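To keep things clear, I will list the structure first and then write my remarks on it.
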Amino acid sequence: MVRILHDGKRYRLEAHRGEAGFMDLLRWRFNGKRARWPDRVENRAHPPPPDRVMGDEIKATWIGHSTVLLQTSGLNILTDPFLSERASPVAFAGPRRVRPPALTPDRLPPIDIILLSHNHYDHMDLPALREIASRHAPHVVTPHGNARWIRRAAPSFRIDELRWGQSLAIGGAEIHLTPALHWSKRGLFDANTALWGAFVIATPGGTIYFAGDTGYGTGSTFADVRRSFGAPRLSLIPIGAYEPRWFMQPQHMNPEEAVKAHLALGSATSLAIHHGTIQLTDEAIDAPVRELASALAQHAVDPEQFLAPDAGEVVTIG
């Protein structure tokens, strides 16, 4: 059981490091091992997703990074919409995406729910939320402490904040916030003043798990999801931004740990997220998918059970 502590101002994971110290940050940034990514990767054309998916069928479209369109039971759910050119507080500097979003706000079907896992710039993209608000009227569900930023960009949104273990019913789905091994920070002095987490979405078509950003730890967070909610029909599991391990392991899984998470969850199908879009760490752009294939073979997992679809490709979950 992962325990989170709150002193009235900041959250802290018991016996687990979140944000690294400044000297470790410098050691990593100047290690000389950062792979060179291409300047631009263009998306291939794919048929657009439908406006709605009715009944028990689930369709998932990876838009890029951790942004996925989930469609089932008449609901359209968008996870961590990062659609801007940079993951940064300013438009002229900071990590820049090399792969454009497969779907822009004007090409999205009507969005009913946004699940926003935490406040890092590659997950809480305020310009994208502002544009989505101009075209859609979704209900935003996010961990405690994040609404104050979202309202600055999109005051029209209905926003509900949850703490770990809390849940909310929306449109026939039950949304639960569950633990994740990560941290939060938006500015220089607000580290961990907002909570982070993963989501379990219970729908008539089955359970969907969205891991957000997380380390693997002992694997207990994933085993606990299976114990509490049953094995998911679909899991969205991050596979990228993991090198070097001495620095990233507490907060980001590598592909082998992602496969171990898939197995701990008992997920019928998993979808790879958090890769191939924006360079946050040292590994090459194609390393996460290559290493995922190796890890699946090593653990004797059918590759059809853990998919890494092309950006914009609509996947029907069996």
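The values are calculated or read from the model by the stated rules, or taken from the named source; none is laboratory data. Model, not experiment: these values are computed from the prediction. When we count neighbours, we look across all protein chains shown, and the Cβ atoms used for this are built from the backbone with ideal geometry, even at glycine. Remember, those area values only see protein heavy atoms, side chains included, never the ligands or the DNA or RNA. Shrake-Rupley method; radii C 1.70, N 1.55, O 1.52, S 1.80 Å.
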Practice prompt. Check whether at least one residue in the range 31-42 is surrounded by 15 or more Cβ atoms within 10 Å (Cβ to Cβ) and touching a helix residue (DSSP H, G or I) at 6+ places or on another chain (Cβ under 7 Å), and report yes or no.
Written response: no
Worksheet entry | ASP224, sole failed condition from (1) closer than 17 Å to LEU162 by Cβ; (2) open to solvent by less than 10 Å² (accessible area, probe 1.4 Å) | (2)
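Can we say PRO95 is open to solvent by less than 20 Å² (accessible area, probe 1.4 Å) and either within 22 Å of ARG186 (Cβ to Cβ) or in contact (Cβ under 8 Å) with a residue 40 or more places away in the chain (or both)?
Numbers: open to solvent by less than 20 Å² (accessible area, probe 1.4 Å): no; either within 22 Å of ARG186 (Cβ to Cβ) or in contact (Cβ under 8 Å) with a residue 40 or more places away in the chain (or both): yes.
Spelling it out, it is not the case that PRO95 is open to solvent by less than 20 Å² (accessible area, probe 1.4 Å) and either within 22 Å of ARG186 (Cβ to Cβ) or in contact (Cβ under 8 Å) with a residue 40 or more places away in the chain (or both).
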Worksheet item: For the range 241-263, what are the residues that are touching a helix residue (DSSP H, G or I) at 6+ places or on another chain (Cβ under 6 Å), under 18 Å from ARG17 (Cα atoms) and either open to solvent by 50 Å² or more (accessible area, probe 1.4 Å) or not in a loop (DSSP other than H, G, I, E, B) (or both)?
Response: PHE247
Discussion item. Can you go through ILE63, ILE4 and tell me which one is surrounded by 14 or more Cβ atoms within 10 Å (Cβ to Cβ), among the hydrophobic types (A, V, I, L, M, F, W, C) and either more than 24 Å from LEU195 (Cβ to Cβ) or free of Cβ contacts under 8 Å to residues at least 24 places away in the same chain (or both)?
Written reply: ILE63
